[in-house]
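To start, the structure itself, in structure tokens.
All of the numbers you see were taken from the coordinates with simple rules; none came from a lab. Quantities reported herein were computed from a predicted structural model and do not represent experimental measurements. Methodologically, a virtual Cβ is constructed for each residue, glycine included, from the backbone with ideal geometry; neighbour enumeration extends over all protein chains shown.
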Amino acid sequence: MQVEITPSGIQGEIYAPASKSSMQRACAAALVRKGTSVVLNPGHSNDDLAALRVIQAMGALVQQKGDDILVINSNGIAAAADEVNCGESGLGIRMFSPLIALNTKNIRINGEGSLTTRPMDFFDDTLPKLGVTIQSNNGKLPLNIKGPLQPKNIAIDGSLSSQFLTGLLMAYAAADATDVTIVVHNLKSKPYIDLTLKVMSDFGLKVPENKNYEAFYFGKDSVAIEETAETLEYTVEGDWSGGAFLLVAGAIAGPIRIKGLDVFSTQADKAILQALMDCGCVISVQSDVIEIGPGKLKAFQFDANDCPDLFPPLVALASYCEGTTVIEGVERLTHKESNRALTLQDEFGKMGIVIELQDNLMIVKGGTGVQGAAVHSRHDHRIAMACAVAALRAEGNTHIGEAQAINKSYPDFYTHLQKLGATVSINNKSAVHE
Ligand SMILES: O=C(O)C1=C[C@@H](OP(=O)(O)O)[C@@H](O)[C@H](O)C1
Ligand SMILES: C=C(OP(=O)(O)O)C(=O)O
């Protein structure tokens, strides 16, 4: 699918999409909890749909009640299949694998697209220490595992991704870990762990004590997961990661009003607000709406080590900011859907924006004029969205190749831009839901 963006001003009001980080965690927690969980505002991105398929393969019953309600019934983890596909979701595979490892039977865990080349060797090192037999494809997919995982004191490395820790925390809670500590060295993306602990608490699971993100202690009291007749309701949060593209679009080509973003959320990408405040756009943050429009945009400095998904929208923003913007955290980008520092450099280079990479720093030379160009998503949803947003005030039209990559996190992205008045033409629209 190809998308063409004609430079356009945008205006009006839009709701941010559902957060896939919140939705996938809710699916995992609803699987662990024994009883009925009602999920409101469920997401429908490819990663969300993959999470729903995984929990069904693990024995949960999922029923759709209208567009906005999912009912999940679970009796706890009991594999109904011996093969599970996590789609293209890094969080999916890293969070669900330890949960799947609670089964006693052999299960093959697989994925698709960029997930097949992302590192999973964490599991080769860690799962055997917890009593799980694992065979991977040299640290990549597929994984063949045989549990059951037994929670034990363990030390892990958190520098590559927080997602492995999210999986262990969920699995330890599911297995009623008692008087057990997970020690974590050099944890990155810390706010994502806050979100994990928040969802665990919202679903009534046993929540460990967070000792300054260096150790997570499951206390002495046993909190075995009992079947409950009480229905639990969880509302999936609006997505600050997808919302960041809307906010930047507003700062470049607005004014617009964005609803559905909770300013009290633990989501890492809420940090976009700091960059927006620093760059000089016109922004008003209220509890139920954010109003945002262009101002005299100037370069800013930003530490994205703990919120790596903000790089793409920040680069789109920095392209329009006069001067040199410096963003820290490049090392966090190597193993995403693409090697994102390089793909941002390449694709924004086609649009006339110079990006330099110096160790952990990304340096964006902004305010030099953005040129419409033929760019490519590089199979990465956030690259497609960053280019689309940058195209809104470019000189000339922009064509985005393999634009359907957005389906991984934000399938309504182009239609939301259209709703805000942008001229976005979509060729081969049927590919939107490929
Ligand atoms: O837990 C999550 O929902 C996520 C954690 C982050 O990954 P890392 O912990 O690997 O940085 C982020 O990049 C990813 O998009 C979603
Ligand atoms: C890297 C991402 O997701 P995941 O790691 O869950 O695939 C992302 O959404 O940008």
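Numerical summary
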{"item": "Candidate set: segment 142-158, residues that are under 25 Å from G87 (Cβ atoms) and within 16 Å of ligand 1 (Cβ to nearest atom); chosen: the one farthest from the chain's Cα centre (by Cα)", "result": "I156"}
{"item": "Members of segment 138-156 found to be in contact with a strand residue (DSSP E or B) (Cβ under 8 Å, 6 or more places away or on another chain) and not small (G, A, S), listed by number", "result": "L141, P142, L143, N144, I145, K146, P151, K152, N153, I154, I156"}
{"item": "In segment 325-347, residue nearest to E4 (Cα to Cα) [restricted to those that are away from ligand 2 (no atom under 16 Å from the Cβ) and in contact with a strand residue (DSSP E or B) (Cβ under 6 Å, 6 or more places away or on another chain)]", "result": "Q345"}
{"item": "Only listed residue being touching a Phe, Trp or Tyr at 6+ places or on another chain (Cβ under 7 Å), among the small types (G, A, S) and within 16 Å of ligand 1 (Cβ to nearest atom), chosen from A51, A28, A18", "result": "A28"}
{"item": "Residues of segment 319-330 that turn out to be within 16 Å of ligand 1 (Cβ to nearest atom) and surrounded by 16 or more Cβ atoms within 10 Å (Cβ to Cβ), as a count", "result": "3"}
{"item": "When residues of segment 331-350 are limited to those that are in a helix (DSSP H, G or I) and without any contact (Cβ under 8 Å) to a residue 40 or more places away in the chain, the one nearest to ligand 1 (Cβ to nearest atom)", "result": "L333"}
{"item": "Residue that is nearest to ligand 1 (Cβ to nearest atom) [pool: residues in segment 267-297 that are surrounded by fewer than 16 Cβ atoms within 10 Å (Cβ to Cβ) and of a type outside the set (A, V, I, L, M)]", "result": "Q274"}
{"item": "Total residues in segment 31-67, condition hydroxyl-bearing (S, T, Y) and part of a loop (DSSP other than H, G, I, E, B)", "result": "1"}
{"item": "Matching residues, segment 79-89, being surrounded by 13 or more Cβ atoms within 10 Å (Cβ to Cβ) and either part of a loop (DSSP other than H, G, I, E, B) or touching a Gly at 6+ places or on another chain (Cβ under 7 Å) (or both)", "result": "A79, A81, N85, C86, G87, E88, S89"}
{"item": "Test: D278 is under 30 Å from Q11 (Cα atoms) and in a helix (DSSP H, G or I)", "result": "yes"}
{"item": "Selection from segment 91-130 of residues that are among the hydrophobic types (A, V, I, L, M, F, W, C) and assigned to a helix (DSSP H, G or I)", "result": "L91, I93, M95, F96, L99, I100, L115, F122, F123, L127, L130"}
{"item": "Scope segment 374-391; condition away from ligand 2 (no atom under 16 Å from the Cβ), in contact with a Phe, Trp or Tyr (Cβ under 9 Å, 6 or more places away or on another chain) and more than 21 Å from Q301 (Cβ to Cβ); matching residues", "result": "V375"}
